[in-house]
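I have placed the structure first, in the form of structure tokens, so that the comments after it can refer back to it.
The values are calculated or read from the model by the stated rules, or taken from the named source; none is laboratory data. Fair warning: this is a prediction, and the values are worked out from it, not measured in the lab. With ideal geometry, Cβ positions are generated from the backbone for all residues, glycine too; neighbour counts draw on all protein chains shown. These accessible areas exclude ligands, DNA and RNA; they are computed on the full protein's heavy atoms, side chains included. Shrake-Rupley method; radii C 1.70, N 1.55, O 1.52, S 1.80 Å.
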Amino acid sequence: MLAIIGGSGLAQLPVLDVTHRQVVRTPYGDPSCALTFGRLSGQNVVFIARHGYGHSLAPHEINYRANLWALHNQGVKGVIAIGTVGGIRPDMGAGRLVVPHDIIDYSWGRKHTFFEGPERPVVHAEFTSPYDAALRGRLKSALQSTGISGVYDGVYACTQGPRLESAAEVLRLERDGADIVGMTGMPEAALARELELPYAHLCLVSNRAAGKGGNATVQFDAATGAAGVEAVTATLLELLAQS
Ligand code: HPA
């Protein structure tokens, strides 16, 4: 079974043929919301809305550990995480889907590891390639067969938020080598790695990042937003149909 973590704009997955919902408690506290189980393209999946159903949790308020632990506890074999981002690289305009290959983490103050406290001796999780190659390959193949134009590489910068970046901050991210910027990619990816859960990110560009043209805002214009959600949904349906 695959897990899908839905981001802004995807608090629900209307195409999911829901079988049941389950409230899960974890040793790390409560996940963002109940887990939703169902079938997508004939495959079992479990879905969780990262920000909660009513988008009530800001990026720094999300209990990433509880979310990942809850999914892992269901025995999922991998996680497809959906997130919206600002585009830094010129080819990453609003509406573009990106499957990043690497991460730079600028977030702070978040509970970012399972390995703490006297009961859990430290483990230095390997993180050279934060995203799972096989899952990234499946995303690429799904995008290609649906004919949706995606970008199959990119460095994801995770900022703390909830405010957007200044133009100078985005220039710094660019100099560091970042291509897209979001607020929720970490510590999610690292926690998945600590649990040895294959994890890949499907990012939808909602805006050009600050100073990169247009108005930086995490809000889509309505048409781009609807088309983006449709493209993400089509990609997920195809990915599961291919499995
Ligand atoms: N910056 C950070 N996070 C975001 C952005 C952005 O421009 N757009 C969507 N999420």
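Tabulated results
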{"read-out": "Gaussian network model of the chain, Cα within-10 Å springs - most flexible of T184, T233, T84", "value": "T233"}
{"read-out": "Within the accessible area of the chain (1.4 Å probe), percent carbon and sulfur", "value": "52"}
{"read-out": "Antiparallel DSSP beta bridges within the stretch 2-241, as percent of all bridges there, nearest 5", "value": "35"}
{"read-out": "Aspartates and glutamates whose Cα lies under 19 Å from that of K111, excluding same-chain neighbours fewer than 8 positions away", "value": "D30, E61, E119, E126, E188, E194, E196"}
{"read-out": "Histogram of C-alpha separations across the chain, 5 Å bin width, %", "value": "1, 7, 15, 20, 21, 18, 12, 5, 2, 0, 0"}
{"read-out": "Reachable lysines, given that their alpha-carbon falls under 23 Å from the alpha-carbon of K77 and they are not under 8 places away in the same chain", "value": "K140"}
{"read-out": "J(HN,Hα) series, the stretch 164-181, from Karplus relation 6.51 cos²θ - 1.76 cosθ + 1.60, nearest Hz, glycine and proline x", "value": "7, 7, 7, 4, 5, 5, 5, 4, 5, 4, 5, 4, 6, x, 7, 10, 9, 9"}
{"read-out": "For the chain, built as a Gaussian network whose Cα springs stay under 10 Å, the top-fluctuating residue of R208, R175, R65", "value": "R175"}
{"read-out": "Estimated vicinal HN-Hα couplings, Hz - the stretch 37-50 in sequence order (Karplus 6.51, -1.76, 1.60; Gly, Pro = x)", "value": "9, x, 10, 9, 6, x, 10, 6, 9, 10, 10, 9, 8, 4"}
{"read-out": "Burial order of peptide ranges 198-206, 117-125, 41-49 (average beta-carbon count within 10 Å, highest first)", "value": "198-206, 41-49, 117-125"}
{"read-out": "Per residue accessible area of the stretch 148-220, 1.4 Å probe, in Å²", "value": "37"}
